[in-house]
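Undergrad: There's a structure below that I have some questions on.
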Amino acid sequence: MLNNTTGLENTAIGHAALYFNTTGSVNTAVGANALQDNTTGNGNTATGDSALLENTTGTDNTAIGIGTLSNSNGNRNTAIGFDALGNNTTGNSNIALGYGAGVSLTTGSNNIDIGNIGQPGESNSIRIGKIGTQTNTHIAGISGATVPTGVAVIVDSSGHLGTITSSARFKDEIKPMDKASEVILALKPVTFRYKKELDPNGIPQFGLVAEEVEKMDPDLVVADKQGKPYTVRYEAVNAMLLNEFLKEHKAFLKEQRKVEEQRAMIAQQQKQIEALKAQLKEQAVLIQKVSDTVGINKPAPQIVRNNQ
């Protein structure tokens, strides 16, 4: 604090800590070169060698760890860990936690990087963990009931992470789907690959195109902030598929019952035919007996001689 003039309520512990501060106030610098270049910045806390080293006018920053926020003139940033947000220059309201967390971030704002180096110029993003290092995620306190076999996770319009519930306690206007599901018969499943920025490996995918689905039924599509189709509600499509399957199954069972009834009717008619055949056979035998009896009782022919 060699150059401090009117700055108030500052604390500097360590070689060259707050060295160039002139009018900045309510700053705390602990460690060699901590907040060394600060001149007019206020409300900063720097703990660690070279923490917030080159900050001059940035305010309300918190840096804990060697080299944290060392290049920053941004505001309201929080960095904890060696070199965390070490290359941030003018970004604001960033949070970085862990060794080298957010070190790639330069000018972006409103980011949260935990155990991740971040991306240059990125804003409004959350990055947790390192690709290829963390392979499982376990989060307690997810809204809704998480069952042992797992359920789908959703994010609502308020950014609330949770699970879908199927209990009637949370539903209104429950009624049969009926013909509403017939719209899926007009959908056109496709194969595709995501663009390289989304999937560098270009793995073959199978699904639907949100814009095409919207033409058939807007209720099956989720829109982004600009109101453009973003994704398809596949869980709703699955429910519709089930309804169509059940309708077809019921129709099949109905036809099967008709076939069984027809078979039973044919079998009954066959029995009646067989009975009639038996009766006719018996009658034929009786007729033959009668004919034979008549033939036996018939008088023998006699020759009458005419005497002349």
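Every number here is computed from the coordinates shown, using simple stated rules; none is lab data. Note that the coordinates shown come from a computational prediction; the quantities given were computed from them, not determined experimentally. Note that we place each Cβ from the backbone using ideal geometry, even for glycine, and neighbour counts take in every protein chain shown.
Undergrad: Suppose we flag chymotrypsin sites (Phe, Trp or Tyr not before Pro) only when DSSP calls them loop and at most 14 other Cβ atoms lie within 10 Å. Which is the longest uninterrupted stretch of the chain?
TA: 195-308
Undergrad: Cross-link partners among lysines for K281, C-alpha distance below 21 Å, same-chain residues fewer than 8 apart left out?
TA: Counting by Cα, and skipping residues close in sequence, K281 has these lysines nearby: K271, K289.
Undergrad: Further, regarding this structure: Between N136 and S166, what is the spin-label point distance in nm, taking each point 7 Å from the Cα along the Cα→C-beta axis?
TA: 2.6
Undergrad: How much FRET efficiency would the formula 1/(1 + (r/R0)^6) give for T89 and K196, where r is the Cβ-Cβ distance and R0 is 41 Å, rounded to 0.05?
TA: Working from the Cβ atoms, E equals 0.90.
Undergrad: For S25, S167, what ranking results if the residue with the fewest other Cβ atoms within 10 Å of its Cβ goes first?
TA: Neighbour counts put them in this order, fewest first: S167, S25.
Undergrad: I want to verify the translational diffusion coefficient of segment 1-128 in µm²/s; compute it with Stokes-Einstein, Rh as the Kirkwood radius over Cα pairs, at 4 °C and 1.567 mPa s.
TA: 97
Undergrad: So which GluC sites (Glu not before Pro) in segment 216-268 end up in coil per DSSP with only 10 or fewer other C-beta atoms within 10 Å?
TA: Counting only loop positions with at most 10 other Cβ atoms within 10 Å, none of the GluC sites (Glu not before Pro) in segment 216-268 qualifies.
Undergrad: Express in nm, to one decimal, how much length is gained between E212 and L2 on full extension, taking 0.36 nm for each residue of separation and deducting their alpha carbon distance.
TA: Contour length minus the Cα-Cα distance gives 68.8 nm.
Undergrad: Of K195/K215; K188/K250; K179/K254; K188/K228; K175/K195, which ones are farther than 30 Å apart at the Cα?
TA: Long pairs (Cα-Cα over 30 Å): K175/K195.
Undergrad: Taking trypsin sites (Lys or Arg not before Pro) as exposed when DSSP calls them loop (any state but H, G, I, E, B) and at most 13 other Cβ atoms lie within 10 Å, what is the longest stretch of the chain free of them, the sites themselves excluded?
TA: No qualifying site falls inside 1-129, the longest such stretch.
Undergrad: Towards the positive end of the charge dipole of the chain, with charges on Cβ (+1 Lys, Arg; -1 Asp, Glu), say which of G7, G227, S70 has the farthest Cα.
TA: Going by the Cα projections, it comes out as G227.
Undergrad: Quick one: length gained pulling M265 to A152 fully straight, 0.36 nm per residue minus the C-alpha distance?
TA: Result: 35.6 nm gained on full extension.
Undergrad: Among A16, Q279, I184, which residue has its Cα positioned farthest towards the positive end of the charge dipole of the chain, with +1 placed on the Cβ of Lys and Arg, -1 on the Cβ of Asp and Glu, and the dipole taken about the Cα centre?
TA: It is Q279, whose Cα lies furthest towards the positive end.
Undergrad: Now, a different point. Only bridges with both residues in the chain count here: give the DSSP antiparallel percent, nearest 5.
TA: 30
Undergrad: For the Cα atoms of the chain, what angle does the longest principal axis make with the long axis of helix 234-297, in degrees from 0 to 90, nearest 10?
TA: The two axes meet at around 10 degrees.
Undergrad: Counting pairwise Cα distances across the chain, what percent come out greater than 38 angstrom?
TA: Result for the distance tail: 54 percent.
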